[in-house]
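Trainee: Quick one: this structure, given as structure tokens, is what I'll be asking you about.
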Amino acid sequence: MFKCIEHFKTINHHKKLVMESCFQVGLYRQGLLHDLSKYMPSEFLVGCKYYQGTMSPNNVERKEKGYSAAWLHHKGRNKHHLEYWIDYAIPTEVNGKLEHGGICGMKMPVCYVVEMFIDRMSASKNYQKDNYTDDGPLLYYNKGKGHYILHEDTRALLELLLVMLSLRGEEATFRFIRQRLLKRKVPYEQQKLDRAKNRLLAKGRRRTS
Ligand SMILES: [Zn+2]
């Protein structure tokens, strides 16, 4: 019972953080609906059973059973997870033959990339507590980026947001999302996004050196 209450508090707290940030960038519907499936029995009861407080209960379930049923349930229903968008590549024609590319990341709609960014930021705040800084989410991303299956444009957009947060802070990044990104004023295309990210990094370095 204790674990159930603690798990309930943890998911509520995370949902509240995500909601506040989503509202700040104008994503009201997503702010309200974020991670709702965590309250369904197939996710909630597993969360109670494997509650730890320091890490995701899905990791504990995965270790014990060999797979996490709660996570498979979750990522199939929540579009802000990159895993939701993993699918077969569209076959391309090479020298008259159809070539199948296997499994890869589809290009995520911008509003879900923003929700994914806010989700990561909120999770970092939750786990790092008083030690949280604006570069926490970027450092966490850099540790895991080698094995993310992401569309190249989506990867570039997520990286631009994380770098912007680390160098300019939350307020400026939210303003960029609200006034430019979600108004379709930013090209959603890898090369241009990477160029914007590198410009930010160069300026950031100049300021610190
Ligand atoms: Zn989620």
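The values are calculated or read from the model by the stated rules, or taken from the named source; none is laboratory data. Just so it is clear, the structure is predicted and the values come from calculations on it, not from any experiment. Methodologically, a virtual Cβ is constructed for each residue, glycine included, from the backbone with ideal geometry; neighbour enumeration extends over all protein chains shown.
Trainee: Out of T54, T133, report the one residue that is in a loop (DSSP other than H, G, I, E, B), β-branched (V, I, T) and within 23 Å of N12 (Cβ to Cβ). So that I can check it myself, show each step before the final result.
Mentor: Details: T133 fails: within 23 Å of N12 (Cβ to Cβ).
Just a single option satisfies the conditions, and that option is T54.
Trainee: Among the residues of segment 72-88, are any among the small types (G, A, S), within 16 Å of the ligand (Cβ to nearest atom) and either exposed (fewer than 13 other Cβ atoms within 10 Å of the Cβ) or within 30 Å of F44 (Cβ to Cβ) (or both)?
Mentor: Just the residues of segment 72-88 that are among the small types (G, A, S), to begin with: 76.
Then keep just the ones that are within 16 Å of the ligand (Cβ to nearest atom); that gives 76.
Among the residues that remain, those that are also either exposed (fewer than 13 other Cβ atoms within 10 Å of the Cβ) or within 30 Å of F44 (Cβ to Cβ) (or both) are: 76.
Yes, segment 72-88 contains a residue that is among the small types (G, A, S), within 16 Å of the ligand (Cβ to nearest atom) and either exposed (fewer than 13 other Cβ atoms within 10 Å of the Cβ) or within 30 Å of F44 (Cβ to Cβ) (or both).
Trainee: Moving on to the next point. Please enumerate the residues belonging to segment 109-158 that are touching an Asp or Glu at 6+ places or on another chain (Cβ under 7 Å) and either of a type in the set (V, I, T) or within 19 Å of Q191 (Cα to Cα) (or both). Step through it out loud before you land on a result.
Mentor: Step one: of segment 109-158, the residues touching an Asp or Glu at 6+ places or on another chain (Cβ under 7 Å) are 134, 153, 156.
The answer is D153, A156.
Trainee: Among the residues of segment 52-71 satisfying the criterion of being farther than 22 Å from I149 by Cα and crowded, with 19+ Cβ neighbours inside 10 Å, which is farthest from the ligand (Cβ to nearest atom)?
Mentor: Here the residue is E61.
Trainee: In the set R180, R199, R205, which member is part of a helix (DSSP H, G or I), exposed (fewer than 13 other Cβ atoms within 10 Å of the Cβ), at pLDDT below 95 and over 19 Å from the mean Cα position of the chain (by Cα)? Spell out how you get there, then give the answer.
Mentor: Values: R180 fails: at pLDDT below 95; R199 fails: at pLDDT below 95.
R205 is the lone residue from the list that is part of a helix (DSSP H, G or I), exposed (fewer than 13 other Cβ atoms within 10 Å of the Cβ), at pLDDT below 95 and over 19 Å from the mean Cα position of the chain (by Cα).
Trainee: H7 passes all but one of (1) within 14 Å of the ligand (Cβ to nearest atom); (2) touching a Cys at 6+ places or on another chain (Cβ under 7 Å); which number fails?
Mentor: Of the numbered conditions (1) within 14 Å of the ligand (Cβ to nearest atom); (2) touching a Cys at 6+ places or on another chain (Cβ under 7 Å), the odd one out for H7 is (1).
Trainee: Among Y188, Y141, Y148, which is closer than 20 Å to L201 by Cα and touching a residue at least 60 places away in the same chain (Cβ under 8 Å)? Walk me through it before giving the result.
Mentor: On the way: Y141 fails: touching a residue at least 60 places away in the same chain (Cβ under 8 Å); Y148 fails: closer than 20 Å to L201 by Cα.
Among Y188, Y141, Y148, only Y188 is closer than 20 Å to L201 by Cα and touching a residue at least 60 places away in the same chain (Cβ under 8 Å).
Trainee: Scan segment 119-138 for residues that are touching a residue at least 60 places away in the same chain (Cβ under 8 Å), in contact with a Leu (Cβ under 8 Å, 6 or more places away or on another chain) and of a type in the set (A, V, I, L, M) and report the count.
Mentor: 1
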